[in-house]
1. Between ARG136 and ARG115, how high is the FRET efficiency from 1/(1 + (r/R0)^6) when r is the Cβ-Cβ distance and R₀ = 35 Å? Nearest 0.05.
2. If you plug each phi of the range 4-20 into the Karplus form 6.51 cos²θ - 1.76 cosθ + 1.60 with θ = phi - 60°, what whole-Hz ³J(HN,Hα) values come out, in order, with x for Gly and Pro?
3. Could I have the simple spin-label model distance between THR92 and THR145, label points 7 Å from Cα toward Cβ, reported in nm to one decimal?
4. Using the Cα centre as the reference, give the magnitude of the dipole from point charges on the C-beta atoms of the chain (Lys, Arg: +1; Asp, Glu: -1; all else neutral), rounded to the nearest 20 debye.
5. What's the Kirkwood radius of the chain in Å, using all Cα pairs?
6. So which trypsin sites (Lys or Arg not before Pro) in the range 106-148 end up in coil per DSSP with only 14 or fewer other C-beta atoms within 10 Å?
7. Please report the relative contact order for the chain, taking Cα pairs under 8 Å with a sequence separation of at least 6, and give it as a percent rounded to a whole number.
8. Label 7 Å along Cα→Cβ of GLU175; the range 24-59 residues with amide nitrogen under 20 Å?
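The values are calculated or read from the model by the stated rules, or taken from the named source; none is laboratory data. Keep in mind that this is a model prediction, so the values were computed, not measured. Note that we place each Cβ from the backbone using ideal geometry, even for glycine, and neighbour counts take in every protein chain shown. Surface accessibility is based on the protein's heavy atoms, side chains included, excluding ligands, DNA and RNA. Shrake-Rupley method; radii C 1.70, N 1.55, O 1.52, S 1.80 Å.
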Amino acid sequence: MKNKEEAVVVFSGGQDSTTCLLWALKQYRKVYAVSFDYGQRHALELSCAKRIAEKFGVEHHILDMSLLNQLAPNSLTRNDICVDEDAPKEGTPNTFVDGRNLLFLSFAAVFAKQRGVSDIITGVSQSDFSGYPDCRDIFIKSLNTTLNLAMDYEFDLITPMMWIDKMETWKMADELGGLDVIRDMTLTCYQGIMGEGCGNCPACKLRKRGYDRYMEYKRMHQ
Ligand code: ZN
């Protein structure tokens with residue numbers, strides 16, 4: 001029998017994973033939030049995650065993943081590499097971290113299995129595809145199969161955000177009663193500015209466009 005009472009959420013303290021956390025709290029009796037410390041430029045990201053987990057009384061684990069930064073230094077971990085303002089015409093953006101989701105989900109799976117949990121929730125989305133290969137549905141399905149084979153266990157990688165865009169993510173947060181939490185307590189900005197952010201980086205632009213569209217949608221449907 002699979003344990004459908006508990007789940008592990010891969011939790012960065014950003015908009016998508018926080019919305020996933022709120023979603024999971026409605027579906028499961030117990031939720032574990034797992035964050036990774038990979039030398040993010042903004043340790044603020046982890047403290048946001050910590051604060052949000054505390055607010056909802058969620059058991060929160062921060063796992064050390066500094067190895068990732070040793071192997072693949074990138075603009076999110078190094079001060080001397082600037083974040084690209086716009087997505088490049090080809091190749092992956094310099095905010096892409098080689099192997100990140102592969103490693104995070106694999107470690108989350110080990111963590112989950114140790115606790116007899118099979119459901120692992122991640123906020124990756126293919127809709128706002130920003131050139132990250134490890135956010136695609138085909139990658140998640142492939143990794144799910146690999147993890148099951150690797151550990152002889154039936155994991156379910158669950159991706160509530162896979163086919164929805166940023167506007168719908170705001171809608172989902174609102175329906176879960178978490179619009180304020182997401183707006184005020186999450187960190188999405190590549191410059192490490194909480195809430196509304198810097199307004200200029202790709203993550204801020206995407207977030208704001210979605211928020212404005214959702215506010216417009218709400219006005220039309222009231
Ligand atoms: Zn920003």
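1. 0.80
2. Taking θ as phi minus 60°, the curve returns 9, 8, 10, 8, 10, 10, 6, 10, 9, x, x, 4, 5, 6, 6, 5, 4 Hz for the range 4-20.
3. 2.1
4. 380
5. When all Cα pairs of the chain are included, the Kirkwood radius is 17.7 Å.
6. ARG115
7. Normalised by residue count, the contact order of the chain is 22 percent.
8. It comes to 24-29, nothing else.
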